[in-house]
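Below you'll find the structure, written out as structure tokens, and then a few comments.
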Amino acid sequence: MAIYAIGDVQGCYTPLQKLLVRLRFDPAQDYLWFTGDLVNRGPQSLEVLRFVMGLHDHAVCVLGNHDLHLLAVAAGTAKSGKHDTLDEILRAPDRDELLRWLRECPLLHHDTDLGYTLIHAGLLPPWDLAQAQRLAREAETTLRSDNYREFFHHMYGDLPDHWNENLLGFDRLRVIVNAFTRLRYCDLDGNMNLRPKGPPGSQPPDLLPWFQVPGRRSHGLKIVFGHWSALGLWRGEGVIGLDSGCLWGRSLSAARLDIEPVEFFSIDCDPRRSPHAV
């Protein structure tokens, strides 16, 4: 048995299958963890969704911002963007089954035995594991409820930009979801700035990558995340970043988590989008 975490696929089904051949993945014995953003911008989002859903208990996928965007478009609360590639899913005969499965995916997955925590983007500096798990469950409960469409009406936006336990309603949910699915940079006070997308060193001087903020309460956890293609394959500060830019023609990466030291794998990808088409 092996457990592999895989970075953002974003509809790149063919590279995913090539990577699984490289891993010698056995769906009867091995397990895959996906960092989210299974869909969008790439050419085969429908195939990716069907494949991962078909792995049943041998796959875990956390929700990414593109996955949530698909759900919002399907719910009629958002419009497809210029570079979106979601129409094939929305027209599929098994659309409802696929979307229901996606809406049931978690925002955070923690494996106590393995000691790893899987998220899409980041954790705010004030959050330890227990608080992050509690807040993820809050948002997941809403996403899985009959009122999920109401949340999608209020999901988009960058404010509030910091955590406060006294936040209520959709402001509270927006902060939680933005942190789990969009976070890259924070200031020293833990305020999110969701605009910079470049690699460390390109950001304004008052910002740090979320995992480098001094005193973050998740320090000491082993965290696997994606979302940040400009960061690329990253290991340090107790985190593993796995979005190595397959969509942009760089690579699709995986990490085997059940062995020490962690073993990394990558396969080259053909460009599907210009890095400027974000």
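The values are calculated or read from the model by the stated rules, or taken from the named source; none is laboratory data. Predicted model only: the values in this text are computed from it and were never measured. We place every Cβ from the backbone using ideal geometry, glycine too, and count neighbours over all the protein chains shown. Ligands, DNA and RNA are excluded from the accessible area calculation, which covers all protein heavy atoms including side chains. Shrake-Rupley method; radii C 1.70, N 1.55, O 1.52, S 1.80 Å.
Observations, loosely collected:
- Qualifying residue in the stretch 9-16 (condition: of a type in the set (S, T, N, Q) and under 16 Å from residue 97 (Cβ atoms)): no
- Some residue of the stretch 158-165 being under 24 Å from residue 231 (Cβ atoms), modelled with pLDDT of 95 or more and of a type in the set (Phe, Trp, Tyr): yes
- Any hit, the stretch 82-93, residues being open to solvent by 20 Å² or more (accessible area, probe 1.4 Å), within 18 Å of the chain's Cα centre (by Cα), more than 29 Å from residue 257 (Cα to Cα) and hydroxyl-bearing (Ser, Thr, Tyr): yes
- Filtered by the rule that a residue be assigned to a loop (DSSP other than H, G, I, E, B) and buried (at least 24 other Cβ atoms within 10 Å of the Cβ), the stretch 5-30 gives 7, 8, 9, 10, 11, 12.
- One residue stands out among those in the stretch 31-48 that are open to solvent by 10 Å² or more (accessible area, probe 1.4 Å) and part of a loop (DSSP other than H, G, I, E, B): the one that is nearest to residue 96 (Cα to Cα), which is 44.
- Qualifying strands (runs of 3 or more DSSP E) (wholly inside the stretch 223-267; at least 3 residues being open to solvent by less than 30 Å² (accessible area, probe 1.4 Å) and within 26 Å of residue 29 (Cβ to Cβ)): 251-256
- When residues of the stretch 123-151 are limited to those that are in a helix (DSSP H, G or I) and among the small types (Gly, Ala, Ser), the one surrounded by the fewest Cβ atoms within 10 Å (Cβ to Cβ): 130
- Residue, least open to solvent (accessible area, probe 1.4 Å), within the stretch 165-193, restricted to residues that are over 20 Å from residue 35 (Cβ atoms) and either in contact with a helix residue (DSSP H, G or I) (Cβ under 8 Å, 6 or more places away or on another chain) or in a helix (DSSP H, G or I) (or both): 175
- Residue pairs whose Cβ atoms lie under 7 Å apart, separated by 6 or more positions or on different chains, with the first residue in the stretch 203-220 and touching a residue at least 40 places away in the same chain (Cβ under 8 Å) and of a type in the set (Phe, Trp, Tyr) and the second open to solvent by 60 Å² or more (accessible area, probe 1.4 Å) and part of a loop (DSSP other than H, G, I, E, B), are 211/237.
- Single unsatisfied condition, residue 107 versus (1) in contact with a Phe, Trp or Tyr (Cβ under 6 Å, 6 or more places away or on another chain); (2) in a loop (DSSP other than H, G, I, E, B); (3) among the hydrophobic types (A, V, I, L, M, F, W, C); (4) open to solvent by 20 Å² or more (accessible area, probe 1.4 Å): (4)
- Test: residue in the stretch 74-81 that is in contact with a Leu (Cβ under 9 Å, 6 or more places away or on another chain), of a type in the set (A, V, I, L, M, F, W, C), without any contact (Cβ under 8 Å) to a residue 24 or more places away in the chain and open to solvent by 10 Å² or more (accessible area, probe 1.4 Å): no
- Of the residues 94, 84, the single one that is acidic (Asp, Glu) and more than 17 Å from residue 36 (Cβ to Cβ) is 94.
- If you go through the stretch 194-222 and pick out every residue that is open to solvent by less than 30 Å² (accessible area, probe 1.4 Å) and in a strand (DSSP E or B), you end up with 1.
- Hey, residue 102 in contact with a helix residue (DSSP H, G or I) (Cβ under 8 Å, 6 or more places away or on another chain) and surrounded by 21 or more Cβ atoms within 10 Å (Cβ to Cβ) or not: yes
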